[in-house]
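Computed from the coordinates by the stated procedures, all read-outs in this text should not be read as laboratory data. Predicted, not measured: the structure shown is a model, and the values here were computed from it. Here the Cβ positions follow ideal geometry from the backbone for every residue, glycine too, while neighbour counts run over all protein chains shown.
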């Protein structure tokens, strides 16, 4: 028996060494040398691919939120496509033109500008306001419970959203054939398509799917609020621990948190997990000009209603609202304090009887609420190289 053990242990050690070498070789030679040499002429991609798998904090997983896995090779391809200006009619616009990483993938203009400096009609939604797209966005992943895309919720999946954006004459103005030809003409796409799809065939659907995988990997969950919620709330979801003071917060931040929970969380989520409502009317105007969701569904009861976003990274993503009318958080809070208009579809949370609600926040309450909103900033997302511009 001892002889067998003496023979077995060295043999087992050799097997471990061989397995380790095989793993190391796989990681080092992930790309063929000639492919990586080609890619490196144009792109700053690591030799060992980035990891796009996401694990959410415990305090959010305890509420049933989990990030579905994306295809890593498609996400890498999608990252390049997201930043490639060749996918626009004038060669000057990419997805990142309206979704800039340094401001949480938002735009700093009231409404974005597209090809040939054409002016859009709505403010670009901050991708960094979302916890994680693969956690609750997209009807392909979550059926009718999945949150759709755009302010008017007209796209059910990330693929539908990015194809619509690329085709929009005001945004990128590219037909499907234009997209395919633009991608085929760039030499760096051949090895990326082989890794993602097993061959170099370019289709608009593959382009769209790759961008969708990149977008579905995006998310913000490493803010000061998340760190404190992880420590205080943990996996306990039933005793309103979010109302407890967070020791890592200042007094103003804790006061602001309570104001937020009492007045805002019923629409925007107590823990910035998933919005409590898919759409709402927040009384910006007394009548409907932009029909929002109602313009798509044609239902009178949904006229003037728009997506309810989370408030993650809200301090970075001015201007605010679907039309970018408010330049500062102070203006937003003033609106909810005294400026809500009596729209026919005004959400119930913002009315008392048939009249708009007046929160009448004091100057101190406004200051405290803004202090809390700043705790939702995720500095790590702003510097995460996995989501940065890969072009040299």
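With the Cα gyration tensor of the stretch 112-183 in hand, convert its eigenvalues to equivalent ellipsoid semi-axes via √(5λ) and list them largest first in whole Å.
Over the Cα atoms of the stretch 112-183, the ellipsoid semi-axes are 24, 16, 10 Å.
Restricting things to Cα coordinates, could you compute the convex hull volume per residue of the stretch 154-218 in Å³?
Numbers: hull volume 6.0 nm³, N = 65.
About 93 Å³ per residue, rounded to a whole number.
Expressed as a fraction of 2.2 N^0.38 Å, the rule-of-thumb size for a compact globular protein of N residues, what is the C-alpha radius of gyration of the stretch 182-236? Before the final figure, lay out each step's value.
Working: Rg = 18.7 Å, N = 55, 2.2 N^0.38 = 10.1 Å.
Ratio of Cα Rg to 2.2 N^0.38 Å: 1.85.
Suppose R0 equals 35 Å. What FRET efficiency, 1/(1 + (r/R0)^6) with r the Cβ-Cβ distance, do residue 385 and residue 362 give to the nearest 0.05?
Efficiency for this residue pair is about 0.25.
For q values of 0.11 Å⁻¹, compute log₁₀ I(q)/I(0) with the Debye formula on a Cα-only model of the stretch 255-392, without solvent.
Taken in order of the listed q values, log10 I(q)/I(0) reads -0.45.
What is the projected area of the convex hull of the Cα atoms of the chain, averaged over all directions, in nm²?
Over all viewing directions, the chain projects a mean Cα-hull area of 24.7 nm².
Output the Kirkwood hydrodynamic radius of the stretch 217-280, Cα pairs only, in Å rounded to one decimal.
By the Kirkwood definition, the hydrodynamic radius is 12.6 Å.
Taking every pair of alpha-carbon atoms in the stretch 322-370, give the share separated by more than 16 Å as a whole percent.
In whole percent, the share of Cα-Cα pairs in the stretch 322-370 beyond 16 Å is 45.
Which value in Å does the Kirkwood hydrodynamic radius of the stretch 49-220 take, with 1/r averaged over all unlike C-alpha pairs and then inverted?
16.4
Would you calculate a helix-derived [θ] at 222 nm for the chain, using -39,500 (n - 2.57) for each DSSP H run of n ≥ 4 and dividing by the full residue count, to the nearest 500?
On the way: 18 runs with 161 residues, N = 392.
Mean residue ellipticity, 222 nm, calculated: -11500 deg cm²/dmol.
Considering only the chain, what is the antiparallel percent among its DSSP beta bridges, to the nearest 5?
Percentage antiparallel, nearest 5: 85.
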